[in-house]
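The values are calculated or read from the model by the stated rules, or taken from the named source; none is laboratory data. In this text, all values refer to a predicted model and were calculated from it rather than measured experimentally. Cβ coordinates were reconstructed from backbone atoms using ideal geometry, including for glycine residues, and neighbour counts include every protein chain displayed. Each accessible area value is taken on the protein alone, full model and side chains, heavy atoms only, with ligands, DNA and RNA left out. Shrake-Rupley method; radii C 1.70, N 1.55, O 1.52, S 1.80 Å.
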Amino acid sequence: MDGHEFLAERFEENRSRLKAVAYRMLGSTSEAEDAVQEAWIRLGRCDDRAIENLGGWLTTVVGRVCLDMLRSRRSRREEPLGTGAPEKTALGPELGGRPEADPEQQALMADSVGLAMLVVLETLDPAERLAFVLHDMFAVPFDEIAGVVDRTPAAARQLASRARRRVQGADPVPDPDLARKREVVNAFLAAARDGEFEALLTVLDPDVVVRSDTGAGGAGAGAPGLVRGAADVARQAMMFAPFARSSRRALVGGEPAVIATGEGHRFSVMIFTVARDRIVEMSVIRDPSHLPGLDLAVLDD
């Protein structure tokens, strides 16, 4: 076996781990493959004899490639989950993409991360995302992460800490008002799940407004993407029942929210405004390009 074959064999030993790192960073199996391939190209250009820990070197290279890709997305205002490039998405046709060539692998990847986690990761700053993924998911030391994000180890630790709080939905000070709001939202979800029209009316303000970023108008809608009035909103919520059964509780900017999933990988982020123990407004986000910038955190159910 010559040197090139030996290096290729060692690279293949690390491929699964590298693709897992890239997938958690990018949320796309095809882009993850691109990042791993770029790491192989860079390995071929360097003196591998100077690399003491090939696995660690490859992990940090893939992390750096993914960081560049994430920053490029933002600078070009690209859709982060692939809505503008269907061949790049791994989250299913309902996000504007097509099924990947290997459905079994796609399912395994999605199960290992979870759609809710990917949605939250999309809201993180690229450097925060990289620090969290490399350290918390793959145990890469902060000394190595610091070199990837061009920060000190202490700064890299802070990046991961901020990301961790958002991912975990940490709320260090209990908020009685928030707890009551979440009770109202839970009552709404339960009524939607069970198809209880009257129960929905009891938690909706008579003048409740639902705004959607994808023009989910309906009967009584005053404009595309706008539904007004408790009765019309309740009727729409009845159609939401399949999503309510698989929803995850979350916070967006400190307000109660849910990440709802349905058949395949369809999803929506629903943000609730609650006043006087009634839901007065709901914002429904279905376009993945609207996720960056959201202060979103998934809560433990």
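Out of segment 30-43, which residues are under 22 Å from A8 (Cβ atoms) and surrounded by 22 or more Cβ atoms within 10 Å (Cβ to Cβ)?
Selection gives A32, A35, V36, A39.
Looking only at residues in segment 104-162 that are assigned to a loop (DSSP other than H, G, I, E, B), open to solvent by less than 30 Å² (accessible area, probe 1.4 Å) and within 18 Å of G63 (Cβ to Cβ), which one is modelled with the highest pLDDT?
Step one: of segment 104-162, the residues assigned to a loop (DSSP other than H, G, I, E, B) are 114, 123-125, 139-141, 150-152.
Narrowing the set further to residues that are open to solvent by less than 30 Å² (accessible area, probe 1.4 Å) leaves 114, 123-124, 140.
Still in the list and also within 18 Å of G63 (Cβ to Cβ): 124, 140.
Numbers: L124: 83, V140: 87.
Among those residues, the one meeting the criterion is V140.
So that you can scan it fast, the table gives a plain yes or no per residue for (1) modelled with pLDDT of 75 or more; (2) within 30 Å of L26 (Cβ to Cβ); (3) not polar (S, T, N, Q):
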residue: V203; (1), (2), (3): yes, no, yes
residue: P206; (1), (2), (3): yes, no, yes
residue: V209; (1), (2), (3): yes, no, yes
residue: A223; (1), (2), (3): no, no, yes
residue: S247; (1), (2), (3): yes, yes, no
residue: V284; (1), (2), (3): yes, yes, yes
residue: P292; (1), (2), (3): no, yes, yes
residue: D300; (1), (2), (3): no, yes, yes
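What is the residue count in segment 36-49 for residues that are closer than 20 Å to A146 by Cβ and aliphatic (A, V, I, L, M)?
So in segment 36-49, the residues closer than 20 Å to A146 by Cβ come out as 39, 42.
Subsequent filtering for residues that are aliphatic (A, V, I, L, M) retains 39.
Final tally of qualifying residues: 1.
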